[in-house]
Amino acid sequence: MEFTDLARQRRSVRKFKDEPINKEEIVEIIRIATQAPSPGNDQMWSFQVVINEEAKEKMVDIVTKKLERLIFELKMNSEQYKQIIKAATFFVEAPAVIVVSTKQYRSKIDAMLKESGLNEKDIDSLRARPDLQSVGAAIQNLLLAAWEKGYGTCWMTGPCIARHELEVFLGITQPRSLAALIPIGKPKIIPVSRGRKPLEDVVSFIE
Ligand SMILES: Cc1cc2nc3c(=O)[nH]c(=O)nc-3n(C[C@H](O)[C@H](O)[C@H](O)COP(=O)(O)O)c2cc1C
């Protein structure tokens, strides 16, 4: 498929067919994801593919418990409750969930900033989290590579509300941290385009 068509036609898929996914194809999709750029070619991303049903259920349990606590504190009604839980846990229906983690990137400039007396938080605010930007580039490659092969995906950060608990379960330890979950599988429903803002709203030239 032409790149333009791929980029235009890809959708976030939230309903998956009950068909297993070929491991080799997942590895190939991740190979394409890792062609993304990263500062200093650091390639700080890492991908864990969860295909074990019990592990997926456990992840749902972790996210649900975290949300339930919040929903209870905020006294939300049961309809809102169901929708929020569903929106953050539908990844369980996909035959595989790709867990993407990252690690902060520190360059020579960062070392200079540290030496000049800035703390880590100040450095982050100046440096715009290149690790997350790199992971974002890799994830976009992954979504497009999956789509080209007939697989649907959904980039999900919603479940990261339980980031620390998920990290413990998945064995993601410092200095790594969870960035996103990506359910992947054959689409059961392909949603219509959600549309995009007019370009005039998002593009400007400084002439
Ligand atoms: C960083 C990021 C986080 C997202 N998190 C979620 C999520 O937690 N749950 C979800 O259903 N969709 C999530 N999405 C998907 C967006 O809702 C979706 O991309 C957007 O509505 C546009 O739809 P499209 O991808 O089909 O074009 C996320 C997308 C991005 C880029």
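The values are calculated or read from the model by the stated rules, or taken from the named source; none is laboratory data. These numbers come from a predicted model, not from an experiment. When we count neighbours, we look across all protein chains shown, and the Cβ atoms used for this are built from the backbone with ideal geometry, even at glycine. Surface areas here come from the heavy atoms of the whole protein model, side chains and all, with no ligands, DNA or RNA. Shrake-Rupley method; radii C 1.70, N 1.55, O 1.52, S 1.80 Å.
Under the Kirkwood approximation applied to all pairs of distinct alpha-carbon atoms, what is the hydrodynamic radius of the chain in Å?
Kirkwood radius, the chain: 18.9 Å.
Tell me, what HN-Hα J-couplings in whole Hz come from the Karplus equation 6.51 cos²θ - 1.76 cosθ + 1.60 at θ = phi - 60° for each residue of the range 19-32, using x for Gly and Pro?
10, x, 10, 6, 4, 4, 5, 4, 4, 5, 5, 5, 4, 5
Rounded to the nearest angstrom and ordered from largest down, what semi-axes does the equivalent ellipsoid of the range 109-207 get from its C-alpha gyration tensor (root of 5λ)?
Ellipsoid half-lengths, sorted descending, are 31, 24, 12 Å.
Charges only on Cβ, +1 for Lys and Arg, -1 for Asp and Glu: so what's the dipole of the chain about the Cα centre, in debye to the nearest 20?
Dipole size: approximately 360 debye.
What are the ³J(HN,Hα) couplings of the range 45-55, residue after residue, when phi is run through the Karplus curve with 6.51, -1.76, 1.60 and θ = phi - 60°? Round to Hz, x for glycine and proline.
The phi angles translate into 6, 8, 10, 10, 9, 9, 10, 6, 4, 4, 5 Hz.
Any idea how far apart residue 190 and residue 124 come out in nm if each label point goes 7 Å out from Cα toward Cβ?
Result for the modelled spin labels: 3.9 nm.
Based on the Cβ-Cβ distance of residue 199 and residue 5, what FRET efficiency does E = 1/(1 + (r/R0)^6) give at R0 = 25 Å, to the nearest 0.05?
0.85
Ignoring ligands and nucleic acids, what accessible area does residue 188 show with a 1.4 Å probe (Å², nearest 10)?
Rounded to the nearest 10, that gives 140 Å².
For the pair residue 140 and residue 65, what calculated FRET efficiency results from E = 1/(1 + (r/R0)^6), where r is the Cβ-Cβ distance and R0 = 30 Å, to the nearest 0.05?
According to the calculation, E is roughly 0.45.
At what distance in nm do the modelled label points of residue 116 and residue 25 sit from each other, each positioned 7 Å from its Cα along Cα→Cβ?
5.0 nm
Just from its helices, what would the mean residue ellipticity at 222 nm be for the chain, if runs of 4 or more DSSP H residues each count -39500 (n - 2.57) and the sum is divided by every residue, rounded to the nearest 500 deg cm²/dmol?
So the helix-based figure for the chain works out to -14500 deg cm²/dmol.
Looking at this model, which pairs from 82/149; 15/82; 56/188; 23/197; 65/114; 15/149 are more than 28 angstrom apart at the alpha-carbon? Let's see the in-between values first.
Working: 82/149 33 Å; 15/82 17 Å; 56/188 19 Å; 23/197 37 Å; 65/114 39 Å; 15/149 17 Å.
Going by Cα-Cα distance, 82/149; 23/197; 65/114 fall outside the 28 Å limit.
Under the definition of Cα pairs under 8 Å and six or more residues apart, what whole-number percent is the relative contact order of the chain?
Across the chain, relative contact order equals 38 percent.
Restricting to the range 3-202, compute how many DSSP beta bridges are antiparallel as a %, nearest 5.
Taking every DSSP beta bridge with both residues in the range 3-202, the antiparallel ones total about 95 percent.
Modelling each spin label as a point 7 Å along the Cα-to-Cβ direction, I'd like the residue 76/residue 35 distance in nm, to one decimal.
3.9 nm
Tabulate in residue order the Karplus-calculated ³J(HN,Hα) for the range 176-183, using 6.51 cos²θ - 1.76 cosθ + 1.60 with θ = phi - 60°, rounded to whole Hz; enter x for Gly and Pro.
So the Karplus estimates, Gly and Pro as x, are 7, 8, 6, 10, 6, 10, 10, x Hz.
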